[in-house]
Amino acid sequence: MKKISIVDYGCGNTLSILRALEEGGFSAKITSDKNYILKSDFVILPGVGAYKKAMDLLNNFNLIDTIQEYALGKKKPLLGICLGMQLLLTKSFEMGEHNGLNLIKGIVKKLEPKKEIVKIPHINWSKIKLNDNLLDEINLKEFNDRYFYFVHSFISITEQKNNTISFCKYYDLDIPSIIKKNNILGCQFHPEKSGKNGLNFLSKIITDL
């Protein structure tokens, strides 16, 4: 059984993720203990709220270096969810300019629709579409054209296009929904709130990442 940690830094719906994992047959621990996280086999970084506050909280818990050491130094699998995915990138322009974890090169910017009728935030069940040339990436084919639950106002733009492996459509906008670099993966949607598709996604990522 894999040792799974859900990072507890006061900025994520950790209990919902824990329940989803337990429903999928996994055991996990909500923790901010540096040593426990570093010894884990799989780490989940949740996130709800503002980018700067999240980074400040990670810093207050002395977890920035821990997560970087875990993912880059030890090269162990890390999953970022929603804001947790955005934190994986280099910087965000949400209410100023703020540095992120810089695990995947890229920026976070406001979701800016071309049509005034588009509602922000994007709160919707949306269908994800994997890039055709990346369908073999971690073998996520089963989730192509599946619906997941999104709630966000900012989007993640990776510096390298091949680090973005799926999008969802929201009106005329293409929104990055999954990003990945080696052992690090982020999803903009909430798998823990996405029913059977979300549970299957979590199980697949934990097993294969």
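The values are calculated or read from the model by the stated rules, or taken from the named source; none is laboratory data. This one's a predicted model, so the numbers in the text were calculated from it and none came from an experiment. Glycine also receives a Cβ, built like all others from the backbone with ideal geometry; neighbour counts cover every protein chain displayed. Surface areas here come from the heavy atoms of the whole protein model, side chains and all, with no ligands, DNA or RNA. Shrake-Rupley method; radii C 1.70, N 1.55, O 1.52, S 1.80 Å.
Worth pointing out:
- Secondary structure note: in the chain, about 60% of the DSSP beta bridges are antiparallel.
- Among beta bridges that DSSP assigns inside segment 41-162, antiparallel share in %, nearest 5: 70 percent
- The smallest convex shape that holds all Cα atoms of segment 1-141, its convex hull, gives 146 Å³ per residue.
- Remark: the chain carries 47 Å² of accessible area per residue (probe radius 1.4 Å; ligands, DNA and RNA excluded).
- For segment 151-209, fraction of C-alpha pairs farther apart than 15 Å, in %: 53 percent
- Among residues other than I104 with Cβ under 11 Å from its Cβ, the summed charge is +2 (Lys and Arg +1, Asp and Glu -1).
- Only the Cβ atoms of Lys and Arg (+1) and of Asp and Glu (-1) were treated as charged; on that basis the dipole of segment 1-96 about its Cα centre amounts to roughly 220 debye.
- Prolate/oblate/rounded call for segment 101-209, Cα gyration tensor, a/c under 1.5 rounded: oblate
- Two-site label geometry, K2 and N131: point separation in nm, points 7 Å out along Cα→Cβ: 2.3 nm
- All other residues whose Cβ lies under 11 angstrom from that of Q160 are scored, Lys and Arg at +1 and Asp and Glu at -1, for a net of +3.
- Karplus-derived 3J(HN,Hα) values for segment 93-105, using 6.51 cos²θ - 1.76 cosθ + 1.60 with θ = phi - 60°, are 10, 8, 6, x, 10, 9, 6, x, 7, 6, 8, 10, 5 Hz; glycine and proline are entered as x.
- With loop membership from DSSP and a limit of 15 other Cβ atoms within 10 Å, the longest segment of the chain without trypsin sites (Lys or Arg not before Pro) is 120-209.
- A simple count of charges around L83, restricted to other residues whose Cβ falls under 12 Å of its Cβ and scoring Lys, Arg +1 and Asp, Glu -1, yields +1.
- The portion of the accessible surface of the chain made up by carbon and sulfur, rounded to a whole percent, is 47 (1.4 Å probe; DNA, RNA and ligands excluded).
- The distance between label points at K34 and S153 comes to 3.4 nm (points 7 Å beyond Cα on the Cα→Cβ vector).
- Relative contact order [Cα under 8 Å, 6+ residues apart], segment 65-194, whole percent: 29 percent
- In this view, the solvent-accessible surface of E192, computed with a 1.4 Å probe and all protein chains in place, comes to about 30 Å².
- Surface accessible to a 1.4 Å probe, T207 within the full protein complex, Å²: 90 Å²
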